[in-house]
Amino acid sequence: MYRHIDLYQHIAGIDKYTKRQFQQGYIMLPIPEFVFPLAKKAIALPGRLVPYAVQKQVLSLVLNQAFREPLQHGELEFLEGAKIRIRVTDLSIDWLISVGSNKFTPIERELDDDVSISGDSQDFILLATRRADPDTLFFQRRIRIEGDTELGLGVKNTMDSMDWDDLPMPLRKLLQSVSLVIEKLQKKEQQEQR
């Protein structure tokens, strides 16, 4: 039914676009105003159209790879048995993850959660790429924790201590490229507000 995609096979294609555009200093073209509302609607389509069963497989792969070392060394034992909900509001993504002895397992999202972490995609990307201070994102409530706050703060600290190099290379390249675009758009918005 679904074909397995090995992201490592696509590194060269991703490199072709990300390195050339951002490392050689290409200037981002102006974006017409009418594009922003359309882009916000279009960006939510994957969360609505991609079946949750497929999302769960990708999520499991990425999380278990990204947190491989902390899981192996027992650094995430405080999460064992917890159900953590992650909501990316602008992408219509709602994931529920159970943490077992040595792995993250996405579970059916209709179940109750112990803690919920929610925010917009750009704030999660800035958090993942270290382009924004995690404490600032949480204190400004751009990323919100609801439910068991002690557990939520433990999750926040775990996300903050995540080793960037443990993410699969294609995902790192994609996140880096998107975060650069987000930064440029935010600077443009700040300049227009002045």
At what distance in nm do the modelled label points of Thr105 and Gln72 sit from each other, each positioned 7 Å from its Cα along Cα→Cβ? 2.2 nm
Here, Gln65 and Gln191, labelled 7 Å along Cα→Cβ, have an inter-label distance in nm of 3.5 nm
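Can you tell me which of 71-81, 119-129 comes out highest on packing, and rank the rest after it, using the mean Cβ neighbours within 10 Å?
Details: 71-81: 14.2, 119-129: 20.9.
Packing proxy ranking, top to bottom: 119-129, 71-81.
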Per the Cauchy relation, a quarter of the hull surface: what is the mean projected area of the convex hull of the alpha carbons in segment 109-157, in nm²? 3.6 nm²
Could you tell me the largest-minus-smallest coordinate of the C-alpha atoms of segment 38-145 on each of the three principal axes, in descending order and whole angstroms? 44, 33, 24
Listed here are the pairs Lys156/Lys184; Lys83/Lys188; Lys103/Lys187; Lys103/Lys173; which of them are more than 32 Å apart at the Cα? Lys83/Lys188; Lys103/Lys187
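Bear in mind these aren't lab numbers, they're just calculated from the coordinates by the rules spelled out. The structure displayed is predicted, hence computed values, not measured ones. When we count neighbours, we look across all protein chains shown, and the Cβ atoms used for this are built from the backbone with ideal geometry, even at glycine.
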